[in-house]
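Participant: Would you mind keeping the following structure in view while I ask a few things?
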Amino acid sequence: MNTLLLNSANVLYIFCFGVRDVLWLRILAIAAMVLLLPFYANQPEPMISCMVWQAVFIAINLYWVIVIIRERIPPTMSVDEQMLYDTVFKDCCSAKDMLKLLAKGQWIDAESGEKIIQTNQRVEHLMLVQNGSIAFQVQENETIKLHPGCLLGAVSFLTQEATVADYVAVEPVRYLSWHRDTLTQLFKAKPELKSAVYEVIGLDLVDKLIFSHKHLDMDNITSHAN
């Protein structure tokens, strides 16, 4: 019986060395340790110290198994949170990290016609449109609409320079706002979130440039046609 327990435990250890997933590695290690407990207990003189150490190793691995499983359980998100994750954050961070970021922001509702950002204003908040649409003036008598998922004031937020356009709600808008100091503190505690946010800002700026060029090109085509 002891030989069977010892060999079974060693076979499980072999499987441990062959798996890449750390969760399965710990589960197999726990199973092997459990088999070794009766092996140590059934010796002519029970190996109490070995049994105690096995119990300690089992407890440590059980703790991490629980932690890993909890981390892998997908978080419950509202419809709006799921929309933001799918359209903005999916390629930049995990859903759990996004929820931590959202929790640090302040939800704000703006009425139609309300000016959210004014020209020549230093922006101390990074803003993310959740629903509704925003218009900003690109050049004289030229406006472009921004839609859900877009960031407001990102360039001014990064450079700390004054804005060059007015941002006005075209319809009732709901957006999330983070103060610079709040994000600074969050980034110190969670550096991976800083990388995610800056990646989102970069992608947003690229999208705006592409959209602006297409919009202006269409206007030029229309003006030439007229």
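Participant: Those residues that are modelled with pLDDT under 90 and of a type in the set (A, V, I, L, M, F, W, C), I need them from the range 90-100; list them, please.
Facilitator: Matches in the range 90-100: Cys92, Cys93, Ala95.
Participant: Now a separate question. Among the residues of the range 68-117, count how many are under 17 Å from the mean Cα position of the chain (by Cα), over 30 Å from Trp24 (Cα atoms) and β-branched (Val, Ile, Thr).
Facilitator: Qualifying residue count, the range 68-117: 3.
Participant: Could you go through the range 46-67 and let me know if any residue there is more than 41 Å from the chain's Cα centre (by Cα), surrounded by fewer than 17 Cβ atoms within 10 Å (Cβ to Cβ) and among the small types (Gly, Ala, Ser).
Facilitator: yes
Participant: Let me ask something else. Just name the residue that is nearest to Phe136 (Cα to Cα) out of those in the range 150-170 that are small (Gly, Ala, Ser) and surrounded by 15 or more Cβ atoms within 10 Å (Cβ to Cβ).
Facilitator: Once the filter is applied, the top-ranked residue is Ala165.
Participant: Can we say Gln185 is in contact with a strand residue (DSSP E or B) (Cβ under 9 Å, 6 or more places away or on another chain) and in the same structural domain as Leu84 (by TED's automatic domain parsing)?
Facilitator: Taking the combined requirement at face value, the residue does not satisfy it.
Participant: Quick check: is even one residue across the range 14-26 in contact (Cβ under 8 Å) with a residue 40 or more places away in the chain, within 30 Å of Leu152 (Cβ to Cβ), surrounded by 13 or more Cβ atoms within 10 Å (Cβ to Cβ) and charged (D, E, K, R)?
Facilitator: No - not one qualifying residue is present in the range 14-26.
Participant: Residue pairs, Cβ under 9 Å, 6 or more apart or interchain, first in the range 63-76 and of a type in the set (Lys, Arg), second surrounded by 10 or more Cβ atoms within 10 Å (Cβ to Cβ). List them.
Facilitator: Pairs found: Arg72/Leu23.
The values are calculated or read from the model by the stated rules, or taken from the named source; none is laboratory data. What you are looking at is a predicted structure, and each value in this text was computed from that prediction instead of being measured. Neighbour counts run over all protein chains shown; Cβ positions are idealised from the backbone, glycine included.
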